[in-house]
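Q: Take a look at the following structure, please.
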There are 2 protein chains.
Amino acid sequence: MRPRQFDDQQVIDVALGLLDTGGPGALSVRSVAAALNVNPNAVYTYVSDKADLEAAIAERVLGMADLSALDGPPSRWRQRIERFCLSAREVLLEHPGAVPLLMRVPLQGPVALAIGEGLLQAYRDAGLSNPDAARATYAVIVHLLGSAALDVAETPGTAPLEPETQRVAARRAAFDAAPLDDFPLTAAAVPTMATWVSQKQFRWSLGRLLDGVVGS
Amino acid sequence: MRPRQFDDQQVIDVALGLLDTGGPGALSVRSVAAALNVNPNAVYTYVSDKADLEAAIAERVLGMADLSALDGPPSRWRQRIERFCLSAREVLLEHPGAVPLLMRVPLQGPVALAIGEGLLQAYRDAGLSNPDAARATYAVIVHLLGSAALDVAETPGTAPLEPETQRVAARRAAFDAAPLDDFPLTAAAVPTMATWVSQKQFRWSLGRLLDGVVGS
DNA sequence: ACAACTGTCTGTACGACGTACAGAAAGGTA
DNA sequence: TACCTTTCTGTACGTCGTACAGACAGTTGT
């Protein structure tokens, strides 16, 4: 039979590239085909439909996180989790267009399973029971993906994102423009709320979550 | 000038209805127009474009959460937060098609601001500083929206969702079908991971987050 | 060496989408 | 009664996902 011009990986990388440079609206079966210099329907040789393409992109991006950060001595369980989450967050923000895809895809691919196993191990090392470790693993994943998605929602979704300082400044400006007369606490909290999209906020809430998970 | 046939609220409700009964794919400017027995472009009298329509739906759904659950005596701060979050989660799962919209919309409408103010107050009552209260508020919102989005991602997105027991059973089946030979901890945790989409898991992780936030 | 087979890719086509643009319809105001 | 402004209709364009049919090119069996 006639050999393929590309392999699956190439197709997915081209698609991810389109997502990075053009944002969510730039990803279409036809744009991928055009980027490969091929007819639109040739793409269906590699993916069964657009949802399948999106799932493959999501899995690809997830796989870019530094899974090895989860390895290490049991006593370092907390550092292992924090390092992994920060690395994953970095990867997600480097591919903002892909983040929404991660939130609609079933996370049971091989990469997702490996991440789950690593987190479970770290929590076991922290002394949690297996069920509590499982619950804590989910809480951390929710936090990681949720905060990335909310961060990205305020951007055009193209890579690279504006530097964090600019995104924080834009948020402050938006809050300053909002009618906060009836919301005194909110008004007082604007400087902090402006930093919600920052890595510092992410570290803080991840830290509090870990505090709560391992008990007082 | 010629009077409008509808008001903004009606249009948004019709759109939300389409989303509820048909899932994310059923919401289009044209389908809204058809449901109103009107030509496609008439919809643009009420919204400026599709993104605007989606933002209005998101704000509408957010407004259905029981904001008054955040009122109460300072000593009850924790119960207030938990009740509000559970009510909000319920609303979100009643409108699964709208959840993805909430994750791409800037959350600075009046409803979002009121929710923020209420959460800030509850955390102040818990003894947190204003900046810490702001950070904790964000952590809780991330958790609420993130877990709803991941829950919904495993469903067709139409209302009503299958009962929780069925969704949990489906997850268990999916995990049982996955190749878990290399992931012993994951394999052992399957019964717990199957319940990730449950209200119980939500309460657990919210509880741990609150534990961590108010300190040991 | 040649024919048959089988996956890969091309070409064409369809219905649905968001929305731009021009004009008709209808009610308020002069 | 004549105008004016806003609402809504009608038509149109380009883009999308993808179904279907067939051309093409290696592989396999003889």
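The values are calculated or read from the model by the stated rules, or taken from the named source; none is laboratory data. Owing to the predicted nature of the structure, the values given are computational and were not obtained by experimental measurement. In this analysis, Cβ positions are derived from the backbone assuming ideal geometry, glycine residues included, and neighbour counts consider all displayed protein chains.
Q: Residues B:LEU53, B:LEU62, B:LEU27, B:LEU18: which one is under 30 Å from B:ALA122 (Cβ atoms) and under 18 Å from the mean Cα position of the chain (by Cα)?
A: Numbers: B:LEU53 fails: under 30 Å from B:ALA122 (Cβ atoms); B:LEU27 fails: under 30 Å from B:ALA122 (Cβ atoms); B:LEU18 fails: under 30 Å from B:ALA122 (Cβ atoms).
The unique qualifying residue is B:LEU62.
Q: Please specify each residue of region A:106-156 satisfying the condition of being of a type in the set (D, E, K, R), within 20 Å of B:TRP204 (Cβ to Cβ) and facing chain B (nearest Cβ under 8 Å).
A: Matches in region A:106-156: A:ARG124, A:ARG135.
Q: While we're here: Mind telling me which of the residues B:GLY146, B:GLY212, B:GLY157 ends up being buried (at least 20 other Cβ atoms within 10 Å of the Cβ), not in a helix (DSSP H, G or I) and not polar (S, T, N, Q)? Show your work before the answer.
A: Values: B:GLY146 fails: not in a helix (DSSP H, G or I); B:GLY212 fails: not in a helix (DSSP H, G or I).
The match here is B:GLY157.
Q: List the number of the failed condition for A:GLU54; all other conditions in (1) near DNA strand D (Cβ under 10 Å from one of its atoms); (2) loosely packed, with under 15 Cβ neighbours inside 10 Å; (3) under 27 Å from A:LEU119 (Cα atoms) hold.
A: Only one criterion is unmet by A:GLU54, namely (2).
Q: Only residues that are among the basic types (Lys, Arg) and touching a residue at least 12 places away in the same chain (Cβ under 8 Å): list them for region A:1-29, please. Before the answer, list the steps.
A: Applying the first criterion (among the basic types (Lys, Arg)) to region A:1-29 yields A:2, A:4.
Once the filter is applied, which keeps residues that are among the basic types (Lys, Arg) and touching a residue at least 12 places away in the same chain (Cβ under 8 Å), region A:1-29 yields only A:ARG4.
Q: Can you tell me which residues in region A:1-16 are closer than 15 Å to A:GLU94 by Cα and surrounded by fewer than 16 Cβ atoms within 10 Å (Cβ to Cβ)?
A: Passing the criteria: only A:ASP13.
Q: Of the conditions (1) within 24 Å of the chain's Cα centre (by Cα); (2) surrounded by fewer than 20 Cβ atoms within 10 Å (Cβ to Cβ), B:TRP196 satisfies every one except a single condition; which number is it?
A: For B:TRP196, the exception is condition (2).
Q: State whether one or more residues within region B:5-16 are near DNA strand C (Cβ under 8 Å from one of its atoms) and outside the structural domain of B:LEU161 (by TED's automatic domain parsing).
A: No, because not a single residue in region B:5-16 is near DNA strand C (Cβ under 8 Å from one of its atoms) and outside the structural domain of B:LEU161 (by TED's automatic domain parsing).
Q: Being within 24 Å of A:PRO163 (Cα to Cα) and either in contact with a Phe, Trp or Tyr (Cβ under 9 Å, 6 or more places away or on another chain) or crowded, with 21+ Cβ neighbours inside 10 Å (or both) narrows it down to one residue among A:LEU36, A:LEU92; which is it?
A: One residue alone meets the criteria, A:LEU92.
Q: Just to be sure I understand, how many residues within region B:118-145 are in contact (Cβ under 8 Å) with a residue 24 or more places away in the chain and under 16 Å from B:PHE84 (Cα atoms)?
A: Adding up the residues that qualify gives 14.
Q: Another one. Output the residues belonging to region B:106-117 that are buried (at least 21 other Cβ atoms within 10 Å of the Cβ) and β-branched (Val, Ile, Thr).
A: B:ILE115
Q: Can you tell me which residue within region B:121-143, out of those that are touching a helix residue (DSSP H, G or I) at 6+ places or on another chain (Cβ under 6 Å) and of a type in the set (Gly, Ala, Ser), is surrounded by the fewest Cβ atoms within 10 Å (Cβ to Cβ)?
A: Among those that are touching a helix residue (DSSP H, G or I) at 6+ places or on another chain (Cβ under 6 Å) and of a type in the set (Gly, Ala, Ser), it is B:ALA126.
Q: Among the residues of region B:82-94, is any away from DNA strand D (no atom under 16 Å from the Cβ) and small (Gly, Ala, Ser)?
A: Going through region B:82-94, the residues away from DNA strand D (no atom under 16 Å from the Cβ) turn out to be B:82-94.
Filter once more, keeping what is small (Gly, Ala, Ser): B:87-88.
Yes.
Q: Only one residue in B:PRO24, B:PRO73 is in the same structural domain as B:GLU90 (by TED's automatic domain parsing) and either within 12 Å of DNA strand C (Cβ to nearest atom) or surrounded by fewer than 16 Cβ atoms within 10 Å (Cβ to Cβ) (or both). Which one?
A: B:PRO73
Q: Could you list all residues from region A:157-187 that are among the small types (Gly, Ala, Ser) and more than 11 Å from every other protein chain (Cβ to nearest Cβ)? Don't jump to the end; show me each part of the working.
A: Going residue by residue through region A:157-187, those that are among the small types (Gly, Ala, Ser) are A:157, A:159, A:169-170, A:173-174, A:177-178, A:187.
Across region A:157-187, the qualifying residues are A:ALA159, A:ALA169, A:ALA173.
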